[in-house]
Amino acid sequence: MSTRFKGNFSATAIGSLPHTNAETACELMFRSLPEMPCWPQLPRISAKEEMCIQYTEGLPCLVIHADGKTVSIDASGDTSGALSGFYEAYLKNDPDLFQINPVCSAGFYAMIDRLNKSPQRSLRALKGQVVGPITLAGSLKLSTGITALYSEEFFDVIIKLMSMKAYWQFKKLSRYGLPVIIFADEPYLTSFGSAFMNISRERAISALNEVYETVQSHGGLTGTHCCGNTDWAMLMDSKVDIISFDAYEFMDKYLMYWREIQAFLDRGGYLAWGIVPTSPKINTTTLNDLLKKLQEGIQFLVDKGFSGTVIKERSIITPSCGTGTLTMAEAERVMTLTHEISLAMQ
């Protein structure tokens, strides 16, 4: 699929919006991302739309706490029945057994509804997203006190659950005859290599690859967004197709890996330049500021010997992160600027 998909500075988004009406949020996505819309995650509608709760349905031994905002895994009793039930369902390889409920993803269903009613001629790809297995496992605590990241059995379950949630979205979105991209978002990777995240590079890569390969084996493209700085070489050594980075705050840190970026592009990878800030800085930045910054980053790679044509074909424009924590006006400004940068670069 990657051979027939060219980035060409098309715009997409990371996912979250502060809206509380799924149709309005979806309308904004289609308007500002006319070539590559994604479905909106809407955490203000309900805590069930929070990134680390949204995809936990079907996780064995899950406990939703009274506040409705926190979840954990009860591993205090005998977990063998729950685990074997999960693996039995997983081995059927039927993504419908792992669907995401409308209560957890109003925006996904609004997007499907919209695609069914009025397909846009301008569409070139569709994007979905799940939380990455490392981020989910790193934020889910077991009753024993450790996070699922350090429980061999529950980490494996989470990897497989996210693989199936990604596959389910892929299957739903691929009905429209367009390339489908599924991101596994990994904000937790900013802790990779620190005392907060003590798993090996090999384990991190194999966890991610399992999710990527599930989507890729059916012809989809995959991406990972990390909103801070991380060991980008580790991510580029995985099988991911698209690396999404905060080009507004961390461009210089990412471009330090230019040799790895060259190898990543050589193997068919894409760069998603998160050039539009998703902080209050959005209120003072201008289109020209952002274009100048983006062009400087691209020029840096060209000066290192990269082909400008290849960079264009393999570049996507995005906001630097989700916009769920911003005001509605700020989020709409983020999306408008993302669209305008995409047009200017094209």
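The values are calculated or read from the model by the stated rules, or taken from the named source; none is laboratory data. Note that this is a predicted model, so its numbers are computed, not measured. Glycine also receives a Cβ, built like all others from the backbone with ideal geometry; neighbour counts cover every protein chain displayed. These area figures cover heavy atoms from the full protein model, side chains too; ligands, DNA and RNA do not enter into them. Shrake-Rupley method; radii C 1.70, N 1.55, O 1.52, S 1.80 Å.
Out of SER80, SER118, SER84, one residue alone is closer than 30 Å to ILE316 by Cα and of a type in the set (Gly, Ala, Ser). It is SER118. Of all the criteria given as (1) at pLDDT 95 or above; (2) more than 12 Å from the chain's Cα centre (by Cα); (3) of a type in the set (Asp, Glu), the one not satisfied by GLU186 is (2). As a summary of the residue check, LYS165 satisfies the conditions (1) out of contact with any helix residue (DSSP H, G or I) (no Cβ under 6 Å at 6 or more places or on another chain); (2) open to solvent by less than 10 Å² (accessible area, probe 1.4 Å); (3) among the basic types (Lys, Arg) except for the one numbered (1). Applying the condition of being assigned to a loop (DSSP other than H, G, I, E, B) and more than 20 Å from LEU149 (Cβ to Cβ) to segment 193-227 and asking which residue is nearest to the chain's Cα centre (by Cα) yields GLY220. A residue that is part of a helix (DSSP H, G or I) and at pLDDT below 95 occurs somewhere in segment 37-47. If we scan segment 78-98, do we find a residue that is in a loop (DSSP other than H, G, I, E, B) and within 30 Å of THR325 (Cα to Cα)? Scanning segment 78-98, I find no residue that is in a loop (DSSP other than H, G, I, E, B) and within 30 Å of THR325 (Cα to Cα), so the answer is no. The condition of being assigned to a loop (DSSP other than H, G, I, E, B), without any contact (Cβ under 8 Å) to a residue 60 or more places away in the chain, in contact with a Lys or Arg (Cβ under 9 Å, 6 or more places away or on another chain) and open to solvent by 20 Å² or more (accessible area, probe 1.4 Å) holds for only one of GLY68, GLY58, that being GLY68.
Which is open to solvent by less than 10 Å² (accessible area, probe 1.4 Å), in a strand (DSSP E or B) and of a type in the set (Phe, Trp, Tyr), of PHE154, PHE183?
On the way: PHE154 fails: in a strand (DSSP E or B).
One residue alone meets the criteria, PHE183.
The single condition among (1) touching a Leu at 6+ places or on another chain (Cβ under 8 Å); (2) open to solvent by 20 Å² or more (accessible area, probe 1.4 Å) that LYS48 does not satisfy is (1). The numbered conditions (1) without any contact (Cβ under 8 Å) to a residue 40 or more places away in the chain; (2) open to solvent by less than 20 Å² (accessible area, probe 1.4 Å) are all true for VAL276 except (1).
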